[in-house]
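Okay, so here's the structure we're looking at.
The values are calculated or read from the model by the stated rules, or taken from the named source; none is laboratory data. These numbers come from a predicted model, not from an experiment. Quick reminder, even Gly has a Cβ in these numbers, built from the backbone with ideal geometry, and neighbours come from all protein chains shown. In case anyone asks, the SASA skips ligands and DNA or RNA and just uses the protein heavy atoms, side chains included. Shrake-Rupley method; radii C 1.70, N 1.55, O 1.52, S 1.80 Å.
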Amino acid sequence: MADFTLTAEPFLGRFEQHYDDVKLREIYDVAVVSAAIPLRKLTAAKKAVRAAFGVDLPEVGLSALSQDSAMRILRLGTDQAFVVFPRAQQDTGAEPHIADLLGGVFYTTDQSDVWVTLELSGAGARRALERICPLNLAPDAFGIGAVARTSMEHLGTVIIRTCDDSFLLMSASSSAHSFLHAIETSIANTA
Amino acid sequence: MIINHPLLGPRDAAEFVYLGDAALIDRPDPEAENADEKFYEYGYLRDNPAGEHQELWYHEQGDRSWLVVTRDTLTHEITSVKLARDEAKKRGRDK
């Protein structure tokens with residue numbers, strides 16, 4: 001019997017495309033760990049985040065980079081945060097690593113293969129999102145580090161503003177190609 | 001319609017799912033003598049006001065919070081939005 005070797009490929013095959021003043025690319029090998037705060041454990045959770053990442057647990061709607069800038073903590077709701085970081089960093093699996101870092105205070109779940117991540121950047125990034133994203137993305141309304149969960153073209157999306165004209169968009173990997181198509185269509189419609 | 005979320009600010013109503021009358025927060029005591037009747041009322045009987053109405057909305061495409069929204073059913077004007085968690089605690093719930 002022939003030997004087969006399976007090689008994992010990113011959801012969108014390392015997609016990267018430049019449009020006039022917009023660049024869209026897939027960010028692959030991203031580890032995503034959901035960290036839910038148990039009931040009445042907010043104080044302990046804040047302490048654990050400070051000890052693990054050297055920064056405060058961000059307020060709902062904000063994200064923060066760990067002190068060494070290796071991980072991004074997204075506060076998506078009162079009881080939930082995501083920790084996002086490059087997957088290759090940990091060989092032992094993302095979830096046990098984060099659970100360990102946080103001292104077991106949070107309920108942690110590995111969601112690495114659940115999300116596809118796109119980076120939309122360039123001077124036209126905000127314009128490219130204006131019809132597909134229901135949020136107000138004006139620079140003073142959605143500041144650097146802001147994060148929100150919303151829906152774009154009926155697909156659940158997490159949007160993060162990482163710098164002046166750069167956004168990360170995370171959506172379900174099971175509909176990765178539909179999501180890419182929606183974003184590309186939005187770029188074309190607003191060009 | 002825009003719902004001004006207490007934590008997240010103005011968000012499109014498309015991000016939310018509507019459940020209904022906020023009276024659902026007040027679950028009857030199952031140990032009470034008239035529990036049958038109270039649960040019948042809780043399950044089936046609703047006021048249908050033409051005007052101000054307190055209702056539960058779930059922020060499904062958002063932070064997954066439950067809100068108590070006070071909305072005028074004639075004009076759709078929203079006059080108050082609160083976290084259902086805070087509202088339930090105010091009514092005696094312990095968590």
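Quick look at the values:
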{"item": "Odd one out for A:GLU130 among (1) within 14 Å of chain B (Cβ to nearest Cβ); (2) in contact with a helix residue (DSSP H, G or I) (Cβ under 9 Å, 6 or more places away or on another chain); (3) open to solvent by less than 30 Å² (accessible area, probe 1.4 Å)", "result": "(3)"}
{"item": "Subset of segment B:39-67 that is more than 25 Å from A:LEU155 (Cα to Cα) and among the aliphatic types (A, V, I, L, M) - its residue that is nearest to the other protein chains (Cβ to nearest Cβ)", "result": "B:ALA50"}
{"item": "First in segment B:46-57 and at positive phi, second anywhere and part of a loop (DSSP other than H, G, I, E, B), Cβ under 7 Å, 6 or more apart", "result": "B:GLY51/B:THR73; B:GLY51/B:LEU74"}
{"item": "Subset of segment A:19-33 (residues that are more than 17 Å from the chain's Cα centre (by Cα) and part of a strand (DSSP E or B))", "result": "A:TYR19, A:VAL22, A:LYS23"}
{"item": "Of the criteria (1) more than 14 Å from chain B (Cβ to nearest Cβ); (2) at pLDDT below 95; (3) open to solvent by 30 Å² or more (accessible area, probe 1.4 Å), which one A:SER112 fails", "result": "(3)"}
{"item": "Within segment A:15-28, considering residues that are touching a strand residue (DSSP E or B) at 6+ places or on another chain (Cβ under 6 Å) and open to solvent by 20 Å² or more (accessible area, probe 1.4 Å), the one nearest to A:THR109 (Cα to Cα)", "result": "A:ILE27"}
{"item": "In segment A:48-62, the residues that are open to solvent by 20 Å² or more (accessible area, probe 1.4 Å), more than 14 Å from chain B (Cβ to nearest Cβ) and not in a loop (DSSP other than H, G, I, E, B)", "result": "A:ARG50, A:ALA51, A:ALA52"}
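Conditions (1) within 16 Å of the chain's Cα centre (by Cα); (2) without any contact (Cβ under 8 Å) to a residue 40 or more places away in the chain, marked per residue:
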| position | (1), (2) |
| --- | --- |
| A:ALA81 | yes, no |
| A:PHE85 | yes, no |
| A:GLY104 | no, yes |
| A:SER121 | yes, no |
| A:ALA125 | no, no |
